[in-house]
Amino acid sequence: MTKTKMNIGIDRISFFTPQHHMELSELADQHDIDINKYHIGLKQFSMAVPSPEEDIVTMAANASYRVIQGVDPESIDMLLLATESSIDQSKSAGIYVHRLLELPENCRVLEFKQACYGATGALQLAMSHVRENPESKVLVIASDVARYQRDTAAEATQGGAAVAMLVSANPRMIVLEQATGVYTRDVMDFWRPNYLSEPIVDGKYSCEVYLQALECTWQQYCKKTGDSIEDFYAFCFHVPFSKMMFKALSRLEEMEAISDEQKARLHKLGETAVGYNKIVGNCYTASLYLSLVSLLENSPRNLTGKKIGLYSYGSGCTAEFFSGRVMFGYEKHLLVDQHLNMLKKRDALKYKDYLRFHDAYIGVAKGAGHELGVFERNRYLFKGVDNHKRIYEVNENVYDF
Ligand code: HMG
């Protein structure tokens, strides 16, 4: 029997990032480091710093709120939340999000983990689910707080954000192709044992493995599809720090012949694709999708019909290369103003306040109180822990944040 091909992909996409950030110049001054190391060497300018009222649940709910406006909640029968900043060893963080968003009870909720790759695994499962159930919509959320030990080289690559995507048949933004290249290898480049609050990272080695995995996934993808670099209008990569995206692009260019014109365009659109990542920092499993939002919202030219290459890398490691095509009319569904407003309203922390936030986050994660004050600017808030139960509140008066 011949099967008609169904278009499945991202119907809507939005992100949320904490209301505080720190310019990397603060860190450079503190450690007496030439700021060019961050601005040119890493291509990073600022990093999001969550307040104690923000965690993976509140970021996920705040990002999703915008995505589900105008959608019949009954059509969402699956919620998949990917994170490596988990708040519980048993209960899925998505269950809190499910309640906060008032989704129907007939809904399957799961948490996904494989470092920064988790959301891509969730997206692939969502696609399979919609292929079998074309009326269904799946809410896929990537939510992470990227933290490293203070006074280390990795400190400048912290950040945090959530990206929410509604996956459906006949999507209004991007159709994702079924063919992908995948790669898994047991490596110790970055990991966080349960007893540590920050990961252990072999920074330079992790960059090498990221690029090796890119080669392997790209080769498998090209073998399956017959595509070459010339078939792509732009690429989005996992962005632990923005320079990594250009290292990845250069690696692809070393592997294949490419025209000067194509090379210039890919680099120019690469800058567009890391526009948000440069000022939000790493957000682990959300990073690739934050880059995608940045490209869609800030591309100087309309992207209708263009093919975008997507590379997801999660330390440890699993990686996947896949692709999508931008749909006609996608620009009508972008949330550019809301996102720019949110970024504009962020408060900049001085180094001494960043230290207090950094420490308070750990304290609160362990169930302690904090003395940083009350912020309450977001719609969904984390209010602390009572009898080992996490308390979340909805700020009903906040619609635009
Ligand atoms: P570092 O010690 O700061 O490295 O660590 P560096 O001294 O080599 O400097 C970095 C770059 O700045 C170099 O450029 C320098 O030349 C340049 P490159 O050679 O790489 O092109 N530089 C300057 N440029 C201009 N003016 C100057 C100057 N000084 C230096 N004055 C590192 C950097 C990324 C390793 C560190 O920040 C780190 O360990 N980060 C965390 C790990 C990471 O992000 N790894 C990325 C790949 S793994 C991954 O993506 C997965 C992950 O997201 C986790 C997950 O999957 O869950 C991390």
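Per residue, the accessible area of the chain comes to 42 Å² when a 1.4 Å probe rolls over the protein heavy atoms. All other residues whose Cβ lies under 12 angstrom from that of ILE229 are scored, Lys and Arg at +1 and Asp and Glu at -1, for a net of -2. A simple count of charges around SER92, restricted to other residues whose Cβ falls under 13 Å of its Cβ and scoring Lys, Arg +1 and Asp, Glu -1, yields +3. Descending by average beta-carbon neighbour count within 10 Å, the peptides 18-24, 191-197 line up as 18-24, 191-197, the highest first. Full extension of the chain between TRP191 and LEU355 yields a length gain of 56.7 nm, computed as 0.36 nm times the residue separation minus the alpha carbon distance. Between ILE362 and GLN212, the distance separating the two model label sites (each 7 Å from Cα on the Cα→Cβ line) works out to 3.2 nm.
The phi torsions of region 99-115, fed into the Karplus equation with coefficients 6.51, -1.76 and 1.60 and a -60° offset, translate into couplings of 5, 4, 8, 6, 7, x, 5, 7, 9, 8, 10, 9, 10, 10, 9, 6, 6 Hz, rounded to whole numbers, with Gly and Pro shown as x.
Stretching LYS223 away from ASP29 to a fully extended chain increases their span by 65.0 nm, per 0.36 nm per residue minus the current alpha-carbon distance. Can you classify region 144-259 as rounded, prolate or oblate using the Cα gyration tensor, where a ≥ b ≥ c are the square roots of its eigenvalues, rounded means a/c under 1.5, and otherwise it's prolate if a/b beats b/c and oblate if not? Prolate is the answer for region 144-259, as a/c is 1.5 or above and a/b outweighs b/c. With r as the distance between the Cβ atoms of HIS388 and GLU253 and R0 = 45 Å, compute the FRET efficiency 1/(1 + (r/R0)^6) and round to 0.05. The computed FRET efficiency comes out at 0.30.
Spin-label model, ARG131 to VAL398: label points 7 Å out along the Cα-to-beta-carbon direction sit 3.9 nm apart.
Projecting label points 7 angstrom from Cα along Cα→Cβ for GLU74 and LYS37 puts them 5.9 nm apart. Across ARG301, ARG356, ARG390, mean-square fluctuation computed from a Gaussian network of the chain (C-alpha pairs under 10 Å connected) peaks at ARG301. Residue ranges 284-297, 309-322, 243-256, 327-340 sort as 284-297, 309-322, 243-256, 327-340 when ordered by packing (mean number of other C-beta atoms within 10 Å per residue, highest first). Overall, the accessible surface of the chain at a probe of 1.4 angstrom is composed of carbon and sulfur to the extent of 48 percent. Net charge in the neighbourhood of LYS43 (other residues with Cβ under 13 Å of its Cβ; Lys, Arg +1, Asp, Glu -1) is +3. Near ASP77, the amide H atoms lying under 5 Å from its own belong to LYS137; only residues 5 or more places off or on other chains count, and H is placed 1.01 Å from N.
The values are calculated or read from the model by the stated rules, or taken from the named source; none is laboratory data. Just so you know, these numbers come straight off a predicted model, no measurement behind them. We place every Cβ from the backbone using ideal geometry, glycine too, and count neighbours over all the protein chains shown. Surface accessibility is based on the protein's heavy atoms, side chains included, excluding ligands, DNA and RNA. Shrake-Rupley method; radii C 1.70, N 1.55, O 1.52, S 1.80 Å.
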